[in-house]
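Input: a single structure, listed below in structure tokens.
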């Protein structure tokens, strides 16, 4: 069996900053692109499917927001630090969050999601700020991770994902009741 390797978090994932299109420009809002804020994914589900707000292509182009890909991760970085979700399709997001993209040569996106969930307390402990607790890109630089080989990551992620699927199904059943 291959050995696990130690990496800094920033060696296994890229961090992407978000932004907000000018709210006074109506041409930037109510478009086809889902635009995430923390309240959209603070329910504890693995995936976030709906956003309260959407932006237009103009809003995306004319702001600092970025488009995250399917299977990227979103984490709240200010205020309520450590809310986390995975994306089932492309979405843009605000500056109170970081997008996290797996370095696929070292880590699978699903495994990175579960690993990041285990690091939330460490991130919260390292947060700082006078008004709001905040984590920065430098916060992730100090997070050390033990990573198994890709095949083992796949096995672990498959088990955890099946449990999440069952939890989500139960949540939907409860919502219908």
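Bear in mind that the values in this text are calculations on the coordinates, not laboratory data. For clarity, every value in this text was computed on a predicted model and none was experimentally measured. Positions of Cβ are backbone-derived with ideal geometry, glycine not excepted, and every protein chain shown enters the neighbour counts.
Data overview
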quantity: Cα→Cβ-extended label distance, 7 Å offset, between residue 134 and residue 177, nm; calculated: 4.4 nm
quantity: Debye-sum result for the stretch 5-176 in log10 I(q)/I(0), which assumes one identical scatterer on each alpha carbon, at q = 0.13, 0.15, 0.19 Å⁻¹; calculated: -0.66, -0.87, -1.27
quantity: Degrees, to the nearest 10: 109-126 long Cα axis against longest axis of the chain; calculated: 80 degrees
quantity: FRET efficiency, residue 61 to residue 8 (Cβ-Cβ, R0 45 Å, nearest 0.05); calculated: 0.85
quantity: Using alpha-carbon coordinates, inclination of helix 150-176 to the longest axis of the chain, degrees; calculated: 50 degrees
